[in-house]
Every structure is written in structure tokens, then in C-alpha cells.
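**Q** Provided herewith is a single structure, encoded as C-alpha cells, for subsequent inquiry.
The values are calculated or read from the model by the stated rules, or taken from the named source; none is laboratory data. Source: prediction; values computed, not measured. Quick reminder, even Gly has a Cβ in these numbers, built from the backbone with ideal geometry, and neighbours come from all protein chains shown. When the accessible area is computed, the model is the full protein with side chains, heavy atoms only, and any ligands, DNA or RNA have been set aside. Shrake-Rupley method; radii C 1.70, N 1.55, O 1.52, S 1.80 Å.
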Number of protein chains: 2
Amino acid sequence: MTTFTEQAPGVAEQMPAAAEGFTLNHTMVRIKAPERSLHFYTHVFGMRLLRKLDFPEMQFTLYFLTQLSPEDSIPEDPDERTVWTFSQRGLLELTHNWGSEDDPELSYHNGNADPKGYGHIGFNVPDLESAETWFDDMNVEFIKRPDAGKMKNVIFVKDPDGYWIEVIQAELMAGVGS
Amino acid sequence: MTTFTEQAPGVAEQMPAAAEGFTLNHTMVRIKAPERSLHFYTHVFGMRLLRKLDFPEMQFTLYFLTQLSPEDSIPEDPDERTVWTFSQRGLLELTHNWGSEDDPELSYHNGNADPKGYGHIGFNVPDLESAETWFDDMNVEFIKRPDAGKMKNVIFVKDPDGYWIEVIQAELMAGVGS
């Protein structure tokens with residue numbers, strides 16, 4: 001294991017023993033309408049629904065999604081699948097508060113207009129040009145195409161709730177920043 | 001590879017070939033003051049700074065963090081490290097717009113008060129009780145302790161900007177939801 005650490009004020013020199021084994025499991029955003037969001041993330045972005053958890057008492061449902069690796073083997077037993085899901089890294093959790101899809105007043109805030117905060121999730125893709133064509137085929141709304149603006153080779157699209165999604169091809173990012 | 005898919009309206013039956021190899025690389029949130037955020041995420045949550053990218057022309061810096069696995073080997077060459085970073089899964093990206101730390105008017109919106117949208121990031125930890133003690137030792141602000149509210153065995157804390165962080169122990173989540 002390389003212990004290389006980039007220099008920046010505030011960065012811990014050593015991993016504290018108490019934080020050993022902590023892993024970033026998921027990012028949660030609220031969605032208005034699960035069917036359109038599940039279609040978008042499973043179809044357009046190739047994610048798989050790992051676990052759907054209903055909480056009838058509190059009137060909400062959680063959907064956990066990820067891209068699978070060939071080595072992934074998902075347990076069939078529901079409780080084992082829950083534990084497995086919470087043991088993964090880098091999942092997307094979509095929260096649906098029941099009835100939100102029927103509320104004409106409700107739309108979620110994407111964090112990129114005031115008041116700002118949350119920005120986006122970002123996907124790495126094998127080929128940025130093919131991805132751009134695919135998003136056009138799927139009528140995905142673009143915020144920014146690869147050749148627009150100052151950040152070349154970076155796509156931004158909107159998900160069905162208007163949340164921003166960055167799309168990059170890792171190999172094309174060499175040389176960005178300093 | 002198990003092809004088990006949970007049932008829900010909207011979920012794709014088959015992964016579209018065009019989305020093959022897409023992976024969720026990162027989640028981005030804006031931070032006001034990098035030193036306190038880097039201390040928090042590297043010290044309290046045991047993350048490592050993989051890449052710091054400065055964009056002087058646009059006056060911002062990006063910080064990419066993750067927990068490392070023993071098998072991870074980070075390239076020493078800066079450009080290779082950038083490509084490697086964008087090839088990972090489940091990173092946290094912190095965006096610092098230069099000077100925000102000196103703006104007394106600025107605080108970021110965490111998405112959990114109106115207007116709602118983004119919710120939180122969630123960490124899996126090996127032992128929830130030890131984690132609670134550790135957060136107390138580190139003077140982390142709790143939103144919810146494990147025995148409070150309807151969702152037992154779930155901790156919520158705040159990061160330095162007030163963003164919510166969920167903390168769970170995967171094994172204790174068996175049986176939640178339906």
C-alpha cells in the first residue's frame with residue numbers, strides 16, 4: 001500500500017486507528033418520482049437496483065443503486081442483501097417520500113442555484129464521445145457538452161429531478177488542474 | 001455474476017450495451033474552508049486525499065478523498081494520479097471557491113431544510129458504538145444518536161459545513177425496511 005498523501009493544510013499525517021474500516025457507502029438524494037428516476041439511472045447510466053427498502057410507518061422508500069463488477073455476487077436472501085448493500089462502496093441512494101410524485105408544488109433543489117451547497121455526482125465512462133451520442137439518443141438534457149466552456153472533455157447532464165451529473169473519461173483528465 | 005434485480009417500476013431488465021463500464025466516481029459538495037473540512041474527513045473519517053487540483057484561472061480547488069484498500073497503489077506521477085483518481089469508485093469531491101472562508105455572509109445549504117434536495121453521504125463502520133465514542137472524543141456534532149428516533153442503529157452527524165453524514169454498521173441493518 002502506497003502511503004502517498006497530497007499535501008494540503010488540515011490533512012491528517014496518519015490514519016487514526018479509530019477510523020479504520022470506515023468506508024463511504026452511499027450518497028443520498030431525494031427524488032420526486034421513482035419510476036422515471038429508476039428508468040434513468042438503470043437504463044441511461046447502467047446502474048442496478050441492489051435493494052429497495054420500504055418504510056410504511058414513515059411513508060418512504062429507499063432505493064440503492066450501483067454499477068456491478070463481474071466479481072460481484074449479490075446475496076439472494078433479503079436480509080443478507082441489505083447487509084451486503086450497506087457494505088458496498090459508492091452507491092447512489094434515492095429517497096422517495098410517498099406521494100411526492102402527485103404533488104404539483106413539489107420539486108427538489110439541486111444545490112447549484114442559490115442557496116448553493118451540494119453540486120453533483122460524477123461518472124467515469126470508457127468513451128466520452130460515445131456517451132455523448134448515447135445521451136442524445138436517450139433525450140437526456142445537457143447542461144454542458146464536452147467542447148463547451150473552459151473545462152474541455154467534461155459533460156454535465158441533468159437527471160429527472162434536475163440534479164447535475166458530471167460525465168468524464170478518466171484518461172482525458174490527465175493534465176487538468178495543477 | 002448474479003443478475004438478481006429487485007423489482008420496481010422503471011428498472012431496466014437488461015444493462016444497455018452503451019452504458020457498459022459507466023461507474024459512479026464521485027459526489028461533489030462545496031466547502032467553505034478547506035483546512036477544517038480536510039481535517040474532519042481525513043482525521044475523523046479516516047479518508048485520504050488522493051488528488052488536489054488547482055484551477056487558478058477559475059479560482060477554485062478540487063479535493064478528491066477516499067478510504068483506501070490495502071490493495072490500492074496510488075501512482076506517484078501527478079497526471080497518472082489524476083487519471084487513477086477519476087477511475088475510482090465512490091470518492092468524495094470537495095470544491096473550494098477561493099476566498100469563501102473569508103466571506104462572513106457565506107454558508108452552504110445542506111439540502112435538508114427548505115429548499116430540500118440532497119440528503120447526505122453515508123459511511124459504513126466496523127463498530128457503531130466505538131464510532132459514537134470516537135465522534136464524541138472528536139467533538140463532532142450529532143444530529144441523531146443510535147438509540148434516538150424511529151431508525152435505531154443509525155447515527156447522523158454534521159460535517160464542518162453542516163452537511164449531514166449518516167453512519168451505520170452494515171450487520172446491524174439486517175431487518176430494516178420491508
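Rundown of residues vs (1) outside the structural domain of B:Arg48 (by TED's automatic domain parsing); (2) in contact with a His (Cβ under 6 Å, 6 or more places away or on another chain); (3) open to solvent by less than 50 Å² (accessible area, probe 1.4 Å); (4) among the aromatic types (Phe, Trp, Tyr), yes/no style:
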position	(1), (2), (3), (4)
B:Asn97	no, no, no, no
B:Glu129	yes, no, no, no
B:Ile143	yes, no, no, no
B:Met151	yes, no, yes, no
B:Asp161	yes, no, yes, no
B:Ile168	yes, no, yes, no
B:Glu171	yes, no, no, no
B:Val176	yes, no, yes, no
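**Q** Looking only at region A:37-72, filter to residues that are of a type in the set (S, T, N, Q) and farther than 22 Å from B:Ser87 by Cα; which one of those is nearest to the chain's Cα centre (by Cα)?
**A** Pass one, region A:37-72, residues of a type in the set (S, T, N, Q): A:37, A:42, A:59, A:61, A:66-67, A:69.
From what's left, farther than 22 Å from B:Ser87 by Cα: A:37, A:59, A:61.
Values: A:Ser37: 12, A:Gln59: 23, A:Thr61: 17 Å.
Applying the filter and picking the extreme gives A:Ser37.
**Q** Continuing with the same structure: Say we look at region A:47-68 and pick out the residues that are in a loop (DSSP other than H, G, I, E, B) and in contact with a Ser or Thr (Cβ under 9 Å, 6 or more places away or on another chain); which of these is nearest to the other protein chains (Cβ to nearest Cβ)?
**A** Quick first cut of region A:47-68, residues in a loop (DSSP other than H, G, I, E, B) only: A:47, A:56-59, A:67-68.
This time we only want the ones that are in contact with a Ser or Thr (Cβ under 9 Å, 6 or more places away or on another chain), so: A:47, A:56, A:67-68.
Working: A:Met47: 8, A:Pro56: 7, A:Gln67: 5, A:Leu68: 7 Å.
Here the answer is A:Gln67.
**Q** A further question follows. Pull up region A:137-160, narrow it to residues that are in contact with a Leu (Cβ under 9 Å, 6 or more places away or on another chain) and touching a residue at least 24 places away in the same chain (Cβ under 8 Å), then point me to the one that is farthest from A:Gly46 (Cα to Cα).
**A** Of all residues in region A:137-160, those in contact with a Leu (Cβ under 9 Å, 6 or more places away or on another chain) come to A:146, A:152-155.
Narrowing the set further to residues that are touching a residue at least 24 places away in the same chain (Cβ under 8 Å) leaves A:153, A:155.
Details: A:Asn153: 21, A:Ile155: 17 Å.
The qualifying residue farthest from A:Gly46 (Cα to Cα) is A:Asn153.
**Q** Right, another one. If we keep just the residues of region A:149-173 that are assigned to a loop (DSSP other than H, G, I, E, B) and modelled with pLDDT of 95 or more, which is nearest to B:Trp84 (Cα to Cα)?
**A** Just the residues of region A:149-173 that are assigned to a loop (DSSP other than H, G, I, E, B), to begin with: A:149-153, A:159-163, A:169.
Filter again for modelled with pLDDT of 95 or more, leaving A:153, A:159-163, A:169.
Working: A:Asn153: 16, A:Asp159: 26, A:Pro160: 30, A:Asp161: 30, A:Gly162: 29, A:Tyr163: 26, A:Gln169: 11 Å.
Looking at residues that are assigned to a loop (DSSP other than H, G, I, E, B) and modelled with pLDDT of 95 or more, I get A:Gln169.
**Q** Identify the residue in region A:108-127 that is of a type in the set (D, E, K, R) and more than 7 Å from chain B (Cβ to nearest Cβ) and, among all such residues, is least open to solvent (accessible area, probe 1.4 Å). Let's see the steps before the verdict.
**A** Start the filter on region A:108-127 by keeping residues that are of a type in the set (D, E, K, R), which leaves A:114, A:116, A:127.
Add one more test, that the residue is more than 7 Å from chain B (Cβ to nearest Cβ), and what stays is A:114, A:127.
Numbers: A:Asp114: 124, A:Asp127: 67 Å².
Only one residue tops the list, namely A:Asp127.
**Q** Still on this structure, please answer the following. Here are B:Glu105, B:Glu13, B:Glu101, B:Glu71: which of them is more than 7 Å from chain A (Cβ to nearest Cβ), surrounded by fewer than 17 Cβ atoms within 10 Å (Cβ to Cβ) and in a helix (DSSP H, G or I)?
**A** Numbers: B:Glu105 fails: in a helix (DSSP H, G or I); B:Glu13 fails: in a helix (DSSP H, G or I); B:Glu71 fails: in a helix (DSSP H, G or I).
From the options B:Glu105, B:Glu13, B:Glu101, B:Glu71, the qualifying one is B:Glu101.
**Q** For region B:56-68, name all the residues that are over 17 Å from B:Asn25 (Cβ atoms) and open to solvent by 20 Å² or more (accessible area, probe 1.4 Å).
**A** Step one: list which residues in region B:56-68 are over 17 Å from B:Asn25 (Cβ atoms), which gives B:56-61.
Selection gives B:Pro56, B:Glu57, B:Met58, B:Gln59, B:Phe60.
**Q** Which condition breaks for B:Phe40 when tested against (1) open to solvent by less than 10 Å² (accessible area, probe 1.4 Å); (2) in a helix (DSSP H, G or I)?
**A** (1)
**Q** A further question follows. What is the one condition in (1) open to solvent by 60 Å² or more (accessible area, probe 1.4 Å); (2) part of a helix (DSSP H, G or I); (3) assigned by TED's automatic domain parsing to the domain that holds A:Phe55 that A:Thr85 does not satisfy?
**A** (1)
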